[in-house]
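Enquirer: Supplied in structure tokens, the structure appears directly below.
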Amino acid sequence: MKTILSFALALGLIYSAAAQDNLGYYGKKITPDNAVPAADLTKKLGSDKEINTKVEGTVESVCQMKGCWMKVKTADNQTMLVRFRDYGFFVPKDIAGKKVIFEGTAQTTTTSVAELRHYAEDAGKSREEIAKITQPEKAVTFVADGVIVK
């Protein structure tokens, strides 16, 4: 009886630990602590062109070709493009709506019309939507070394 109770307790502890760490890790293994909310990143960046930081946010969309970028919601219904360092890893294509934590380099960039159209095509946008992209975009972008999907 004692052996059965010990086995049941051990099995319960294993199941509980697995359920609590239901996270997906991609790229460099990072920890979830000290992440800045995505809505506060622009403020943290301030007048700096580039900073190394950790961010938490919600995925708005993902590259449907191979998961090579994601867009994360920021303040005022905007999104931030997150690419992965040297295309060294990808994220699952079905994580839109999920919470993520990512660590790497935030930077203020200008994205060309050609690149914006390429991203729109990867996202599955229509030809009409792609044709409406006529101006470069200045925004905060991110190059992640590691991502945690919650």
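Enquirer: Reachable aspartates and glutamates from Lys73, Cα under 13 Å, same-chain residues fewer than 8 places away excluded?
Expert: List returned: Asp40, Glu56, Glu60.
Enquirer: Shape call for the stretch 30-70 from the C-alpha gyration tensor, a ≥ b ≥ c root eigenvalues: rounded (a/c under 1.5), prolate (a/b greater than b/c) or oblate? Don't skip to the answer; put the middle values down first.
Expert: Numbers: a/c = 2.15, a/b = 1.64, b/c = 1.32.
Note, shape of the stretch 30-70 comes out prolate.
Enquirer: I would also like to ask the following. Given contacts defined as C-alpha pairs under 8 Å and at least six residues apart, what's the relative contact order of the stretch 36-101, whole-number percent?
Expert: On the way: 109 pairs, mean separation 22.7, N = 66.
34 percent.
Enquirer: Right, another one. Could you check the spin-label model distance between Ala75 and Asp40? Points 7 Å from the Cα along Cα→Cβ, value in nm.
Expert: 1.2 nm
Enquirer: What is the helix-to-structure angle for 113-122, meaning the angle in degrees between its Cα long axis and the longest Cα principal axis of the chain, kept from 0 to 90 and rounded to the nearest 10?
Expert: Around 40 degrees separate the two axes.
Enquirer: Taking the Cα centre of the chain as origin, sum charge times position over the Cβ atoms of Lys and Arg (+1) and Asp and Glu (-1), and report the length of that vector in debye to the nearest 20. All intermediate terms of the calculation are to be shown ahead of the outcome.
Expert: Working: 21 positive and 18 negative charges, 48 e Å.
In debye, rounded to 20, the chain gives about 240.
Enquirer: Pairs to check: Lys29/Lys98; Lys54/Lys98; Lys28/Lys93; Lys49/Lys132; Lys49/Lys125; Lys93/Lys125. Give those whose C-alpha atoms are more than 26 Å from each other in this structure.
Expert: On the way: Lys29/Lys98 18 Å; Lys54/Lys98 17 Å; Lys28/Lys93 19 Å; Lys49/Lys132 28 Å; Lys49/Lys125 30 Å; Lys93/Lys125 15 Å.
Cα-Cα > 26 Å for Lys49/Lys132; Lys49/Lys125; rest within.
Enquirer: While we're here: Taking square-rooted eigenvalues a ≥ b ≥ c of the alpha carbon gyration tensor, is the stretch 99-149 rounded, prolate or oblate, where a/c under 1.5 means rounded and, failing that, a/b exceeding b/c means prolate? Mind dumping the intermediate values first?
Expert: Details: a/c = 3.53, a/b = 1.67, b/c = 2.12.
Oblate is the answer for the stretch 99-149, as a/c is 1.5 or above yet b/c matches or exceeds a/b.
Enquirer: Of the listed values (i) 0.96; (ii) 1.12; (iii) 0.98, identify the label whose number matches Rg/Rh (Cα atoms, Kirkwood Rh) calculated from this model.
Expert: Answer by label: (ii).
Enquirer: Tell me the relative contact order for the chain as a rounded percent, counting alpha carbon contacts under 8 Å between residues six or more apart. Let's see the in-between values first.
Expert: Values: 274 pairs, mean separation 43.6, N = 150.
Relative contact order for the chain comes out at 29 percent.
Coordinate-derived values only; no laboratory data. This is a predicted model, so every value here is computed, not measured. Cβ sites come from the backbone with ideal geometry, for glycine too, and all protein chains shown count toward neighbours.
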